[in-house]
Amino acid sequence: MQTLNEMLDRSLLTHAQHAEIRGWVAQARTPDAILKMPPHLWRALELASVLMGVDADLTQPPTLTLG
């Protein structure tokens, strides 16, 4: 939910979209149930993810630090 809240804070989701997505995820009992989220919510979430660079962060190699 942290990422979802950040999307709202950055105005990448409206308050209504945030509430609908949050509600859907909260009531979904399985990952398959989450995948059945209505298309208009998926589109909003995908666009916000692209604008936030979520996928780009996930494809970066991990930074290796000592100690």
Furthest towards positive pole of dipole, Thr3, Trp24, Ala48, structure part the stretch 2-56, Cβ charges:
Trp24
Report the gain in length on full extension from Thr3 to Ile34: 0.36 nm times residue separation, minus Cα-Cα distance, nm rounded to one decimal.
9.6 nm
For the stretch 2-56, with only Lys/Arg (+1) and Asp/Glu (-1) charged at the beta-carbon, what is the dipole magnitude about the Cα centre, in debye rounded to 20?
160
Starting from 0.36 nm per residue, how many nanometres of slack lie between Thr14 and Arg43 once their C-alpha separation is accounted for?
9.2 nm
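Coordinate-derived values only; no laboratory data. What you are looking at is a predicted structure, and each value in this text was computed from that prediction instead of being measured. Reconstructed Cβ throughout: ideal geometry from the backbone, glycine too, with neighbour counts over all protein chains shown.
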